[in-house]
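Written out below as structure tokens is the structure these notes cover.
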Amino acid sequence: MEVNEIIARTNEFLVEEFEVAPESITPAANLKATLELDSLDYIDLVVVIESNFGFKVKPEDFQGIVTFQDFYDYVIARLKQKALV
């Protein structure tokens with residue numbers, strides 16, 4: 001899967017799951033603020049990631065994720081890691 005496809009697919013499920021305007025999702029935007037995430041929403045986000053991309057997410061994985069670009073980089077890295085296994 002290409003990087004652009006991963007980003008498009010990610011944005012698609014974020015818009016659908018968290019009911020945000022697609023134009024509010026930009027690489028530099030703050031993930032938590034834009035999606036208005038609370039602790040329960042993080043659980044929803046983990047479930048959506050796992051079901052869409054097929055890898056397990058640990059809560060501590062989110063510690064370094066601030067922007068959407070951080071989030072994309074995380075998903076891309078995990079998918080590359082999964083492909084190597």
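The values are calculated or read from the model by the stated rules, or taken from the named source; none is laboratory data. None of these values were measured; they are calculated from a predicted model. Reconstructed Cβ throughout: ideal geometry from the backbone, glycine too, with neighbour counts over all protein chains shown. Accessible surface areas use protein heavy atoms only, side chains included; no ligands, DNA or RNA. Shrake-Rupley method; radii C 1.70, N 1.55, O 1.52, S 1.80 Å.
Test of understanding: among VAL48, VAL57, which residue is assigned to a helix (DSSP H, G or I), of a type in the set (Val, Ile, Thr) and crowded, with 16+ Cβ neighbours inside 10 Å?
Testing whether each residue is assigned to a helix (DSSP H, G or I), of a type in the set (Val, Ile, Thr) and crowded, with 16+ Cβ neighbours inside 10 Å leaves just VAL48.
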ILE43 is checked against (1) under 18 Å from ILE7 (Cα atoms); (2) β-branched (Val, Ile, Thr); (3) without any contact (Cβ under 8 Å) to a residue 40 or more places away in the chain and fails just one. What number does that condition carry? (1)
Members of the stretch 1-45 found to be exposed (fewer than 15 other Cβ atoms within 10 Å of the Cβ), β-branched (Val, Ile, Thr) and within 13 Å of THR67 (Cβ to Cβ), listed by number: THR26
Could you grab the pairs with beta carbons closer than 6 Å, sequence gap of 6+ or different chains, first residue in the stretch 1-26 and part of a helix (DSSP H, G or I) and of a type in the set (Asp, Glu), second one modelled with pLDDT under 95 and crowded, with 16+ Cβ neighbours inside 10 Å? GLU17/VAL48
Residue ID - modelled with the lowest pLDDT, chosen from residues in the stretch 62-73 that are open to solvent by less than 30 Å² (accessible area, probe 1.4 Å) and assigned to a helix (DSSP H, G or I): PHE62
Test result for LEU84, aliphatic (A, V, I, L, M) and surrounded by fewer than 12 Cβ atoms within 10 Å (Cβ to Cβ): yes
Only one of LEU45, LEU31 that is at pLDDT 95 or above and not acidic (Asp, Glu): LEU31
